[in-house]
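To start, the structure itself, in structure tokens.
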Amino acid sequence: MQTHFDTATDSPWRIARRRFAAHRPATHGLALLMVVVVGDILAPQLEELFTDGPVTQALRAGHATLAFAAVAALAGALTGTLWGVLAAGLGRQVGRALARAAGWLAALPLALLPLVVAGLAGRAPLLFDMAVTASVVPGVAVAVHAIARDAARHEFQAAAEAAGLSRRAILWRHTVPGALGPLLAALWPALPRAMAVESMASLLGLGSSQTWGALIGTAGSGFTLLPAAVLLAATLAALHAVGAGLADAFAGDRP
Amino acid sequence: MLSFAFRHFFGTLPAVLLLAVVAAYATPAGPEGLARAAAGLPRTAALVAGALAVGLAAGIPFGLLAHYRPRSPAGRLGRMLGGIGAAVPGFLAAALAVTALGPGSSVEAAAALAVPILAEAARLARRGADAAAEQGFVLAARGRGVSARHAFLHHALPAALVPVVGVLGGLAAATTAGAVAAEALFGLPGTGRMLVEAARAGDAGGTAAAAALLAGLVLLLRAVGGILCGHLDPRARVG
């Protein structure tokens, strides 16, 4: 992969942007993702081109799928970030216990959580939303814990301490800006994960009836299944490709 | 190595036993529900293990060919496969297969579940082979007079397999979730189908028992992955 930048003078964000641009699957994934999002925005106009059928239904369901995944991933990412930061920042025993708990939970098949919650506590929509959100939290917490722990060990951190900066100044001027990029790369996978978990539960008849997963689950033939399946597969592939590009862009010591 | 394997396996066992005890004594269905769920576990375990075995056995050679023979048709296919795993998760592969083939046997379900594993194994094996080539120890071994075959089998291959084996736990978790969907869609009797039916019916006891056993299965497969990783990479045995 050819990237042209000077690691000594270019800013970390500029280096990351160029690395991302040099990652072909990521740029293709981003383009595909933009097509899906624009298609979702233009869905009412596009619906007029097709007669009421599987394509129209898939276009309509795209809005609910994307919106649900975005909200669940955002809530999961915020909760997981809080968990990871607390695990790294709290005292040794409490922090370790939190990190261990996140690792333990992340090892379980959390995609089944909406099914387990439906069986144990009923099929209320709010419970379903919370279960999908909770399924992404431990993975995010593990990733954020690793980033927060490493952020405190960077050389520029030691240099700032040696220069006599206060802890607050080090945190806001060095630690947080330095960790933002890797944090973005670590949080991104929550989006495809939330979409996959929601789609699987809806496919099995336990989630919303207006998403791609539900359309796939209720499709009687290949003709009715394909539009929703293709849109779901393309969106998941695009999200993963962008995630791989972000991980590559922020890999290594600098940025 | 043996002590590492014992440590890894018995480190997981308490959690598996705890899940079974919770399912047996802390749910309304009690030991009866656990027994019902356990009756289907061998089928689900065979489905998951079969999908993992087929996916890994087919995916790793494609990944290695993508590194060693990038211009060959198989090598090109190995490069292309990388994106499929993310695009077609197990439940989607199962839904597509059941629509195309109709409700069928566990062999068809395992073949559908093997597709994302195959793609992920190809991607990771290629990445592992790329990383091994960059480190130069294969070149050093060749420089010391080691044959190309010996250098590949004893140095390059284990290093290329480490990333694949390292994610075996994650693959097992994803495949088990896919197997739950596959059993429900293909109409196969197993713990996964019992979980879906219990969840739909609001049967708390059946849900807890099936979920606990499936979680135990994933933890055991994760332990197997950890042991294999320790076998291939001595650094994994430390700490």
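The values are calculated or read from the model by the stated rules, or taken from the named source; none is laboratory data. Treat the numbers as computed from the prediction; the structure is a model and nothing was measured. Ideal geometry is used to build each Cβ from the backbone, glycine not excepted, and the neighbour counts take in all protein chains shown. Calculation scope for accessible area: heavy atoms of the full protein, side chains included, ligands and nucleic acids excluded. Shrake-Rupley method; radii C 1.70, N 1.55, O 1.52, S 1.80 Å.
Taking the condition assigned to a helix (DSSP H, G or I), surrounded by 14 or more Cβ atoms within 10 Å (Cβ to Cβ) and aromatic (Phe, Trp, Tyr), does A:TRP104 pass? The answer is no for A:TRP104.
Just wondering, is there one or more residues in the stretch A:188-201 that are of a type in the set (Asp, Glu) and open to solvent by 20 Å² or more (accessible area, probe 1.4 Å)? For the stretch A:188-201, residues of a type in the set (Asp, Glu) and open to solvent by 20 Å² or more (accessible area, probe 1.4 Å): absent.
When only residues in the stretch A:111-134 that are of a type outside the set (Phe, Trp, Tyr) and in contact with a Pro (Cβ under 7 Å, 6 or more places away or on another chain) count, which is nearest to the other protein chains (Cβ to nearest Cβ)?
Going residue by residue through the stretch A:111-134, those that are of a type outside the set (Phe, Trp, Tyr) are A:111-127, A:129-134.
Okay, now just the ones that are also in contact with a Pro (Cβ under 7 Å, 6 or more places away or on another chain), so A:131-132.
Details: A:ALA131: 11, A:VAL132: 13 Å.
Top of the filtered list is A:ALA131.
Of the residues in the stretch B:210-223, none is within 14 Å of chain A (Cβ to nearest Cβ), surrounded by fewer than 21 Cβ atoms within 10 Å (Cβ to Cβ), at pLDDT 85 or above and more than 19 Å from the chain's Cα centre (by Cα).
For the stretch A:109-127: of the residues being on the phi < 0 side of the Ramachandran plot and without any contact (Cβ under 8 Å) to a residue 12 or more places away in the chain, which is surrounded by the fewest Cβ atoms within 10 Å (Cβ to Cβ)?
A:LEU126
For the condition over 30 Å from B:ALA94 (Cβ atoms), open to solvent by less than 30 Å² (accessible area, probe 1.4 Å), away from chain A (no Cβ under 14 Å) and part of a helix (DSSP H, G or I), B:ALA156 qualifies.
Name every residue in the stretch A:211-223 that is surrounded by fewer than 24 Cβ atoms within 10 Å (Cβ to Cβ) and within 9 Å of another protein chain (Cβ to nearest Cβ), in order of residue number. Residues satisfying the conditions are A:ALA219, A:GLY220, A:SER221, A:GLY222.
Here are A:ALA61, A:ALA31, A:ALA21: which of them is assigned to a helix (DSSP H, G or I) and under 30 Å from A:ALA106 (Cα atoms)? Working first, answer last.
On the way: A:ALA31 fails: under 30 Å from A:ALA106 (Cα atoms); A:ALA21 fails: under 30 Å from A:ALA106 (Cα atoms).
Exactly one of A:ALA61, A:ALA31, A:ALA21 is assigned to a helix (DSSP H, G or I) and under 30 Å from A:ALA106 (Cα atoms), namely A:ALA61.
Tallying residues that are farther than 18 Å from A:ALA70 by Cβ and under 18 Å from the mean Cα position of the chain (by Cα) within the stretch A:171-220 yields 4. With touching a residue at least 24 places away in the same chain (Cβ under 8 Å), out of contact with any Phe, Trp or Tyr (no Cβ under 7 Å at 6 or more places or on another chain) and under 28 Å from A:LEU180 (Cβ atoms) as the only criterion, which of A:ALA64, A:ALA97, A:ALA73, A:ALA102 stands out? Only one candidate passes the filter, namely A:ALA73.
Scan the stretch A:56-101 residue by residue and report those that are of a type in the set (A, V, I, L, M) and crowded, with 23+ Cβ neighbours inside 10 Å. Those that are of a type in the set (A, V, I, L, M) and crowded, with 23+ Cβ neighbours inside 10 Å: A:ALA58, A:ALA61, A:ALA69, A:ALA72, A:ALA73, A:ALA77, A:ALA87. Do we have any residue at all in the stretch B:190-201 that's small (Gly, Ala, Ser), farther than 28 Å from B:ARG126 by Cβ and not in a helix (DSSP H, G or I)? Taking every residue of the stretch B:190-201 in turn, at least one turns out to be small (Gly, Ala, Ser), farther than 28 Å from B:ARG126 by Cβ and not in a helix (DSSP H, G or I). A count restricted to the stretch B:87-118 and to residues that are within 14 Å of chain A (Cβ to nearest Cβ), surrounded by fewer than 24 Cβ atoms within 10 Å (Cβ to Cβ) and not in a loop (DSSP other than H, G, I, E, B) stands at 7.
Selection of first residues in the stretch B:137-148 that are part of a loop (DSSP other than H, G, I, E, B) and of second residues that are surrounded by 15 or more Cβ atoms within 10 Å (Cβ to Cβ), restricted to Cβ pairs under 9 Å at least 6 apart or on distinct chains, gives the following pairs, ordered by first then second residue: B:VAL146/B:VAL138; B:VAL146/B:HIS155.
Any chance the stretch B:46-66 includes a residue that's more than 19 Å from the chain's Cα centre (by Cα) and either crowded, with 19+ Cβ neighbours inside 10 Å or more than 30 Å from A:ALA228 (Cα to Cα) (or both)?
Step one: of the stretch B:46-66, the residues more than 19 Å from the chain's Cα centre (by Cα) are B:65-66.
Narrowing further to those that are either crowded, with 19+ Cβ neighbours inside 10 Å or more than 30 Å from A:ALA228 (Cα to Cα) (or both): B:65-66.
Within the stretch B:46-66 (the criterion being more than 19 Å from the chain's Cα centre (by Cα) and either crowded, with 19+ Cβ neighbours inside 10 Å or more than 30 Å from A:ALA228 (Cα to Cα) (or both)), the answer is yes, since at least one residue qualifies.
Just one of the listed residues (B:GLU183, B:GLU197) is at pLDDT 90 or above, more than 8 Å from chain A (Cβ to nearest Cβ) and within 20 Å of the chain's Cα centre (by Cα), and it is B:GLU183.
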